[in-house]
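Notes follow the structure.
The values are calculated or read from the model by the stated rules, or taken from the named source; none is laboratory data. What you see is a predicted model, and the numbers here were worked out from it, not measured in a lab. Note: ideal-geometry Cβ built from the backbone for every residue, glycine included; neighbour counts use all protein chains shown.
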Amino acid sequence: MIKLHHHPYSRAASVVWMLEEVGAAYELSFVDIMAGAQKSDDFLGKNPMGKLPVIEDGDVIVTESAAIGLYLADRYAPGTLAPALDAPERGTYYRWCLFAPSVIEPGAVAKSSGAQQRESSVGWGNYEAMLRSMETAIASGEFVLGDSFSMADIIFGGTIRFMLRFKMIEARTAFTDYVARLEARPALQRADEINAAQIAKHGLAT
C-alpha cells in the first residue's frame, strides 16, 4: 500500500491522478500545510524541503512530483504509462516530463511576477519561446507520445492544466484542446472527486 502525504491544495493533488492511472493501491495521509505540519521533525525526516508531495512505497520514499510520476510509471505501469526502456519514445517522454518543472513552472512564475532575467541565464529562455516549445510537444497527436497516453501527459499536461486554471499562461487553442482530452479521462475525473472530497472533509475553503 502506497502512502501519499497529501493536501488537496498542493502538488500532491496531481499525484492522486498518477495513482489512479497506474492502478496501485494507495492511502492518503493528510498533512495540514496551513498549520505548518510539513515542517515538523517527522515530516522533514521524509523530505528535508518540508514540502508536498511525498510518497512512501514500502521502504522507498520519493519526493518531487515529476520524480514520483516517473517512479510510479516505471514500477507499476512499464510499457504502458512509461515507454519500454529500449523504446525510442523514451527520450521524448523524459524530455517533456522534465520540461514541466524545469521550464514551464519557473518560466510562468517569472512572467506573472514581472521578474526580468537574461535569456542566457535561465532555463526557459523567454516566455514566447517556452509557449512555442510547449505547442510542439502536442502538435503531432492527441498526446505527448502521439496517440499513446503516458505519464508525460500527467506531468506535462497536468502542469498546463494548472497554469490555464490560474491564467499563468495564454489559453492557446492547442493547450485548451489538449486539456479537454485529458479531462475526459476517467482517472482524472476520479482524482478530482477525491481531492474535492478531501477539501470537504477537512473543511477547506474552495
*Looking for whichever is at pLDDT 95 or above, assigned to a helix (DSSP H, G or I) and outside the structural domain of Met151 (by TED's automatic domain parsing) here; the options are Leu52, Leu44, Leu28. Which one fits?*
Leu44
*Tally the residues that are within 20 Å of the chain's Cα centre (by Cα) and crowded, with 16+ Cβ neighbours inside 10 Å, restricting the search to segment 25-45.*
5
*All but one of (1) over 18 Å from the mean Cα position of the chain (by Cα); (2) of a type outside the set (D, E, K, R); (3) on the phi < 0 side of the Ramachandran plot hold for Gly79, so report the exception by its number.*
(3)
*Residue that is farthest from Leu164 (Cα to Cα) [pool: residues in segment 89-114 that are buried (at least 21 other Cβ atoms within 10 Å of the Cβ) and of a type outside the set (Phe, Trp, Tyr)]*: Cys97
*Residue match in segment 110-133 (condition: hydroxyl-bearing (Ser, Thr, Tyr) and under 28 Å from Pro88 (Cα atoms))*: yes
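Considering only residues that are under 16 Å from His5 (Cα atoms) and in contact with a helix residue (DSSP H, G or I) (Cβ under 8 Å, 6 or more places away or on another chain), look in segment 61-70 and name the one that is surrounded by the fewest Cβ atoms within 10 Å (Cβ to Cβ). Reasoning before the result, please.
Our first condition is that a residue be under 16 Å from His5 (Cα atoms); within segment 61-70, this holds for 61-69.
After this cut, where a residue has to be in contact with a helix residue (DSSP H, G or I) (Cβ under 8 Å, 6 or more places away or on another chain) as well, the list is 61-66, 68-69.
Numbers: Ile61: 14, Val62: 21, Thr63: 16, Glu64: 16, Ser65: 26, Ala66: 22, Ile68: 25, Gly69: 30.
Only one residue fits best here, namely Ile61.
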_Checking Pro53 against (1) touching a residue at least 60 places away in the same chain (Cβ under 8 Å); (2) closer than 21 Å to Gly203 by Cα, the condition it does not meet_ = (1)
*If you check Ile68 against the conditions, is it in a strand (DSSP E or B) and either in the same structural domain as Ala197 (by TED's automatic domain parsing) or basic (Lys, Arg) (or both)?*
no
*Name the pairs whose Cβ atoms lie under 6 Å apart, with the first residue in segment 160-171 and assigned by TED's automatic domain parsing to the domain that holds Trp96, the second polar (S, T, N, Q), and 6 or more positions between them or separate chains?*
Met168/Ser112
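For every residue, the table says whether it meets (1) crowded, with 19+ Cβ neighbours inside 10 Å; (2) within 27 Å of Leu81 (Cα to Cα); (3) at pLDDT 95 or above.
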residue	(1), (2), (3)
Glu135	no, yes, yes
Ile155	yes, yes, yes
Asp192	no, yes, yes
Ile199	no, no, yes
